[in-house]
Amino acid sequence: YVTCSLGAIAFYDARTGRRFGTAPTGRNPRSIAINRDGRWIGVANFSSPEVTLIDTRDRTHRTVVVPGASGIVGLALD
């Protein structure tokens, strides 16, 4: 998984280097976190008070506002 300041996260196959998908995020995505079973990816969006949650199984996503946050640079999932 790779974040990109263009407002997306890209999915790459580590063996082949081929990109096999993308998911939109908030503005200026930075850090990512993956839960233990790999289903959920969290993305910290630095230029907005938001984090994006991506469901890798259902291939859905949503961006949620974190009240009072600004410049989010890290996160953890459990």
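Nothing in this text is a laboratory measurement; each read-out follows from the coordinates by a stated rule. Note that the structure is a prediction, hence the values are computed from the model and not measured. Glycine also receives a Cβ, built like all others from the backbone with ideal geometry; neighbour counts cover every protein chain displayed.
Quick notes
- Entry note, the chain: relative contact order of 24 percent, from Cα contacts under 8 Å with a spacing of 6+ residues.
- Residue ranges 40-47, 10-17 sort as 40-47, 10-17 when ordered by packing (mean number of other C-beta atoms within 10 Å per residue, highest first).
- A Gaussian network model of the chain, with springs between Cα atoms under 10 Å, assigns the largest mean-square fluctuation among 52, 25, 60 to 60.
- Between 18, 27, 59, the residue with the greatest mean-square fluctuation in the GNM of the chain (Cα pairs under 10 Å linked by springs) is 18.
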